[in-house]
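One structure is given below, encoded as structure tokens.
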Amino acid sequence: MRKVIFLHSPRFWQQSFGPNHPLRGERLQRTYELLDEYRAFEPENVQVITPTPPSEGELALFHTQEYIDAVRSLSKGETHIPSARYGFGPGDNPVFTGMFESSGLKVGSALRGAKLLANLECEIAFSYSGGTHHAGPALASGFCIFNDAAVAIHWLIDQGLRIAYVDIDVHHGDGVQDAFYATDKVLTISLHQSGRTLFPGTGFVDEIGVDEGEGYSVNIPLPPYTDDEIYLWAFQQTVPPLVERFKPDILVTQLGVDTHYFDPLARLALTTHGHKALFEELSRLSSRWLALGGGGYDIDVVPRSWTLAFGIMSGQSFPEELPPDYQAKYGGKWLEDHQSPRIDENVKRLTRRSVEEIVNHARELHGLV
């Protein structure tokens, strides 16, 4: 059994963008409570660790000092800071009190997982609060203030380690791609709904990296209505052969579950069965795995899918019926979906044809044919 660390703090959800924002802190609270009620933290190979905030120097591994100072000041309610310059304002990234501490702790969580893995103290670390993959060095973007993945990967490569980053969020992992676009020390792979139909409007097949990084950035942009079967085929055709060829020391993943067909912000059509199959595929790719959270905006889907993920990480299976106390508090009945999306056969056929063309193009660009 692999030793698995679950990085957790109730501070993850105590300060957030607010109850009317799509990225609700409750999704993290529900995830922790569901795992706890399934007694998922009791096996001997599982340990729950409370993360600590990163140092300013650690944040500066990716973010500019000017931006770090601005986020701290805005977090305190200071009004002289030109918030729009840094990506804050009404809409995606509203300022809230305590956002420096809350977002910083998620970076600290990813860093703690990275350090435990680098020191061979565990095989898997799950920082479920993170996956804030859109943030830039000096810009908040797409609900992301600090980029925990970019900071953690910078720290890992500073230790001389090779990193493969695989992002299965429905949105392109643009911030992480940009961070390592010119280096061959990090392989970034993102499968996502195409930027032609979804934020952030990037992540096309021909974005392959520059200079020393040419060929080390991989994108599989998928059309709306891509379902479990088509998505898993695209994944299997690209991710395992690329990761196996790269031979990373550590795998870092962003496990956004906004690919689910219930998700209100996107139009892919996966189910929890597809998510589970993806988590199983990822678990086979490396002996050391730093798993980060990510998107997911249907409040009932996120805890169920990430519970399935943690089960795969820790070698546990959970009863199909949700625990009684969880049902009473939040509703729902089953851990896995008992229904699937209804997609017209003509749409499904056209979607498969489109995905096959995209995947074949990507395979050619990256030398897999």
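Where a number appears in this text, it was derived from the coordinates with a stated rule and is not lab data. In this text the structure is predicted, and so the values were computed from the model without any measurement. As a convention, Cβ positions derive from the backbone with ideal geometry for all residues, glycine included, and neighbour counts pool all protein chains shown.
Charge dipole of the chain (Cα centre as origin; +1 on each Lys and Arg Cβ, -1 on each Asp and Glu Cβ, all else neutral): 260 debye, rounded to the nearest 20.
Please compute the net charge surrounding Gly201, taking Lys and Arg as +1 and Asp and Glu as -1 over other residues with Cβ under 13 Å from its Cβ. With Lys, Arg at +1 and Asp, Glu at -1, the net is -1.
Within the stretch 4-365, the proportion of C-alpha pairs whose separation exceeds 27 Å stands at 43%. Pairs from the list Lys247/Lys276; Lys247/Lys348; Lys3/Lys329 with a Cα-Cα gap above 29 Å: Lys247/Lys348; Lys3/Lys329.
Using the Cβ atoms and a cut-off under 13 Å, what net charge is assigned to the surroundings of Lys348, where Lys and Arg are +1 and Asp and Glu are -1?
Residues near Lys348 contribute -2 overall.
Report summary: the helix-based calculation at 222 nm, which adds -39500 (n - 2.57) for every DSSP H run with n ≥ 4 and divides by the residues of the chain, gives -12000 deg cm²/dmol.
Compactness of the stretch 155-278 is given as radius of gyration and Dmax, 14.1, 41 Å, from Cα positions. The mean sequence distance of close C-alpha pairs (under 8 Å, at least 6 residues apart), as a share of the length of the chain, puts its relative contact order at 18 percent. Students often forget the sequence filter, so: which aspartates and glutamates lie under 18 Å Cα-Cα from Lys333 once same-chain residues fewer than 8 apart are removed? Here the aspartates and glutamates satisfying the reach criterion relative to Lys333 are Glu33, Asp36, Glu37, Asp298, Asp300, Glu320, Glu321, Asp325. In this structure, the amide hydrogen of Asp258, modeled 1.01 Å from its nitrogen in the peptide plane, lies closer than 5 angstrom to those of Val170, Gly295, Gly296, counting only residues at least 5 positions away or on a different chain. In plain terms, the residue of Thr351, Thr307 with the fewest other Cβ atoms within 10 Å comes first and the most crowded comes last, giving Thr351, Thr307.
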